[in-house]
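Report on one structure; see the data block that follows.
The values are calculated or read from the model by the stated rules, or taken from the named source; none is laboratory data. What you see is a predicted model; the values in this text were computed from it and never measured. No Cβ is skipped: glycine too gets one built from the backbone with ideal geometry, and neighbour counts run over all protein chains shown. Just the protein is used for accessible areas: all its heavy atoms, side chains included, with ligands, DNA and RNA removed. Shrake-Rupley method; radii C 1.70, N 1.55, O 1.52, S 1.80 Å.
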Amino acid sequence: MKDILHPLCLVIAGMGSLFLLRDLGKSRRDPALIALAFTYGFSALSYVISLTWVWVRIDGTLGVPNIAVPLAQSCVVFVLALQATVLAHWSKPMAEARRRGRLLLTAAAAVIVAMAVLFVFLTPAAQRPTDFSLYYAHDPFFQAYLTLYIATYTVAEVYLARSCWKYARTASNPSIARGLRLIAVGAVITLGYSVIRIGAVLGAVFGFSVQSLDPYAWLCGDIGAALTQVGYFLPTLGSRSTAVRDWTTAHLRYRRLRPLWAAMDQADPGIALRRPARQREDILRGRSADFPLLRRRVEIRGGQKVLRRYLDPAVRAEAETRRATEGLTGETFAAAVTADQITDALARHRAGDPVEGPADYADAELPLTTPDDELLHLERVAAFFTPPGTEPPAASGTRSASSGART
């Protein structure tokens, strides 16, 4: 059972460790992220050491039978301390979280030293990679060793379950709340491992056997640990998903604004301070579109200012009547009329035909208080925008007056 479940848990822990280690270069000052990365690292190491073929190889290399046991379980003790440290950083002020983290790691080191001393006194020297706990259950030193390890394990898991369930109720971030609840469930399941292992010690003292339950001990331990690992990873996955969504949304917005921007850029290349890079290249290189999108917003607004003296009041009146007939209202109505005005203004700009008494843009009075509001509005304008044809706009009374004044 161990060699079936451990590889699956190893995949989860290994992927989590590699994923987080990649982020450490960007967030070296985030103690919670560092602790979480080491949590996955030690967890993966414990699974590797516990695999039968690795266990045998380590014993043969070091020349000490079953030395893989304290090595793997020392990794688990560090995992328990680091998990509680991560939780402290998620729920406590920084100073208190750091203090608690140092205390937890010191306690973990003390437990590991005590386990090492007790392990040295084990009398039988047979290598038992599959049933170590049951085989040594009669040894008093192993009973003390296992009691210390399981007591540490149980206390840590009970603390984890209670704390995570408590903090999940007050977590404002849904992914953090779900992760904490999953950690709590996983911690409760791992208690089945504790019960069976303590049962082996009690059985050796009182004359009963729990050998038939050994597969269930591994089952509870590995399933509970896997759920705990996934639970810790959910907030990170949630933030990463948000980042991916924001990255994708920015590129989509940048793409949607391109026809409107390109028409204005063609009319007056001076609106662009520098030529933009190809979006396809930015996407392939994983570059963000946040700054190019900000620049595109500013350049489109600059283009609107350039076209300001080409806004025909008659065109705005006709566009308002037509768009109202289509049933448009509010911000959508203003965006559609503005798009019609820009189309006509671009044609007039091409023909060199400014208006003597230009109108205002239909969106001039919209309460666009944030850059995101403005981007959303420009997307609406771009959706209604149609580039002007090659023919100049139809003559109107306003345009005739302005044309008559020109020489």
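Brief remarks on what is shown
- Selection of first residues in region 252-279 that are at positive phi and of second residues that are open to solvent by 60 Å² or more (accessible area, probe 1.4 Å), restricted to Cβ pairs under 9 Å at least 6 apart or on distinct chains, gives an empty result.
- Verdict on T242 being within 30 Å of G303 (Cα to Cα), of a type in the set (V, I, T), open to solvent by 40 Å² or more (accessible area, probe 1.4 Å) and not in a loop (DSSP other than H, G, I, E, B): no
- Failed item in (1) aliphatic (A, V, I, L, M); (2) surrounded by 15 or more Cβ atoms within 10 Å (Cβ to Cβ); (3) in a helix (DSSP H, G or I), with L328 passing the rest: (3)
- Condition broken by K92, with the remaining ones in (1) surrounded by 23 or more Cβ atoms within 10 Å (Cβ to Cβ); (2) without any contact (Cβ under 8 Å) to a residue 40 or more places away in the chain; (3) not small (G, A, S) satisfied: (1)
- Candidates D282, D290, filtered to the one that is buried (at least 16 other Cβ atoms within 10 Å of the Cβ), of a type in the set (D, E) and farther than 16 Å from H377 by Cβ: D282
- Y216 satisfies every condition listed in (1) surrounded by fewer than 20 Cβ atoms within 10 Å (Cβ to Cβ); (2) modelled with pLDDT of 85 or more; (3) under 31 Å from the mean Cα position of the chain (by Cα) except (3).
- From L191, L182, residue being of a type outside the set (V, I, T), open to solvent by less than 60 Å² (accessible area, probe 1.4 Å) and under 23 Å from F19 (Cα atoms): L182
- Sole exception among (1) assigned to a helix (DSSP H, G or I); (2) surrounded by fewer than 22 Cβ atoms within 10 Å (Cβ to Cβ) for D353, by number: (1)
- Remark: R309 falls outside the filter, which requires a residue to be open to solvent by 80 Å² or more (accessible area, probe 1.4 Å) and in a loop (DSSP other than H, G, I, E, B).
- Residues (among the charged types (D, E, K, R), more than 17 Å from A314 (Cα to Cα) and loosely packed, with under 15 Cβ neighbours inside 10 Å) located in region 356-390: E365, D372, D373
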